[in-house]
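As structure tokens, the structure follows; a few thoughts come after it.
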Amino acid sequence: MAAVDEISVDEALKEPLTTFCLRLADFALVSGHRLSEWAGHAPILEEDLALANLGLDMIGQARALYTYAGVVEGEGRDEDQLAYLRRDTDYLSPLIVELPKGDFAFTMVRQYFVGSFLLLYFGELTHSRDQTLAGIAAKAEKEMAYHRRHCGEWVIRLGDGTSESHDRMEDALDTLWSYVGELFECDQIDRILIEAGIAVDASALKDQWLADVRSVFEEATLTVPDSEFSHTGGRSGKHTEHLSHMLGVMQTLQRSFPGADW
């Protein structure tokens, strides 16, 4: 993979590619922050460590993608500036990852959905003609395989567990299902980059994702909703109040001490 500072980007693709990288980076950062909120609060010590490591995977992806977004953009912004010094309406992450962490069932269902989707997405992105993105995707694909497996095992264990764990999983599934559709959206920015051989058509992954999800939730004795309604807007900067609250916490240090280095 070429060094990031050696990348030469077609001028016509600079703006859509920057947006594309920010979408993936924001997706990873917000997801990673939500996972980090479990540190010291997971039901068992082993899971406390596991969730911290899942969060670190996402933060690592965010760092790589923010760095590349800054290089493509060419305005001198680095990963810290892109993560800490943007407004909530500048973030382009899907709504599903900004929802509060909820209980353990909620986190497992959400991260299973996210991990399963990103496993497919990054798998396709490894074929991108953009070698930097292909390299980031190759590492991320391996990480998402673990996320899917780890969270999928918990989905089955809790869904097919006690009456309480089953009910909590059903509640989480019912709530989160109305947010998954946004993951498979494909807009003009995506289409420009797909045509250029850079991006992935997320909409083409939905059937495979659904098949995987249904098989796991069937084993978990959980009922997958048949509704096709989905909340949307996150990928274009329209968010719930939850993201603003999260950023208020996450950005406090950098905004209180501008330019702080650690």
Considering ASP171, ASP190, which residue is surrounded by fewer than 16 Cβ atoms within 10 Å (Cβ to Cβ), in a helix (DSSP H, G or I) and among the charged types (D, E, K, R)?
ASP171
Out of LEU54, LEU92, report the one residue that is within 25 Å of SER178 (Cβ to Cβ), open to solvent by less than 60 Å² (accessible area, probe 1.4 Å) and not in a helix (DSSP H, G or I).
LEU92
So if I check each of ALA138, ALA134, which one is free of Cβ contacts under 8 Å to residues at least 24 places away in the same chain, of a type outside the set (Phe, Trp, Tyr), open to solvent by less than 40 Å² (accessible area, probe 1.4 Å) and assigned to a helix (DSSP H, G or I)?
ALA138
Is one or more of the residues making up the range 167-186 of a type in the set (Asp, Glu), closer than 25 Å to ILE59 by Cα and in contact with a helix residue (DSSP H, G or I) (Cβ under 7 Å, 6 or more places away or on another chain)?
yes
Scanning the range 215-262 residue by residue, those of a type in the set (Phe, Trp, Tyr) and in a loop (DSSP other than H, G, I, E, B) turn out to be PHE229, PHE257, TRP262
Which one of SER116, SER178, SER165, SER215 is out of contact with any strand residue (DSSP E or B) (no Cβ under 9 Å at 6 or more places or on another chain) and open to solvent by 50 Å² or more (accessible area, probe 1.4 Å)?
SER215
Looking at (1) surrounded by 13 or more Cβ atoms within 10 Å (Cβ to Cβ); (2) in contact (Cβ under 8 Å) with a residue 12 or more places away in the chain; (3) more than 15 Å from LEU120 (Cβ to Cβ), which is the one condition that is false for GLY197?
(1)
What are the residue pairs meeting all of these: first residue in the range 229-255, first residue without any contact (Cβ under 8 Å) to a residue 60 or more places away in the chain, second residue open to solvent by less than 40 Å² (accessible area, probe 1.4 Å) and part of a helix (DSSP H, G or I), Cβ atoms under 8 Å, and 6 or more apart or on different chains?
PHE229/GLY181; SER230/VAL180; SER230/GLY181; SER230/GLU182
Of the residues GLU79, GLU98, only one is open to solvent by 10 Å² or more (accessible area, probe 1.4 Å), on the phi < 0 side of the Ramachandran plot and in contact with a helix residue (DSSP H, G or I) (Cβ under 8 Å, 6 or more places away or on another chain); which?
GLU79
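Conditions (1) at pLDDT 95 or above; (2) over 26 Å from LYS101 (Cβ atoms), marked per residue:
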| site | (1), (2) |
| --- | --- |
| ILE7 | no, yes |
| LEU24 | yes, no |
| PHE27 | yes, no |
| VAL30 | yes, no |
| PRO43 | no, no |
| GLU47 | yes, no |
Restricting attention to the range 200-228, the residues that are over 19 Å from VAL114 (Cβ atoms), touching a residue at least 24 places away in the same chain (Cβ under 8 Å) and not polar (S, T, N, Q) number exactly 2
Taking the range 46-81 and the residues there that are without any contact (Cβ under 8 Å) to a residue 40 or more places away in the chain and touching an Asp or Glu at 6+ places or on another chain (Cβ under 7 Å), the one that is nearest to VAL9 (Cα to Cα) would be GLY70
Does at least one position in the range 31-41 carry a residue that is in a helix (DSSP H, G or I), open to solvent by less than 10 Å² (accessible area, probe 1.4 Å) and not hydroxyl-bearing (Ser, Thr, Tyr)?
yes
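The values are calculated or read from the model by the stated rules, or taken from the named source; none is laboratory data. Computed from a prediction, not measured in an experiment: that's the story for all the values here. Heads up, the Cβs are rebuilt from the backbone with ideal geometry, glycines too, and the neighbour counts pull from every protein chain shown. The area values use the complete protein model at the heavy-atom level, side chains included, leaving out ligands, DNA and RNA. Shrake-Rupley method; radii C 1.70, N 1.55, O 1.52, S 1.80 Å.
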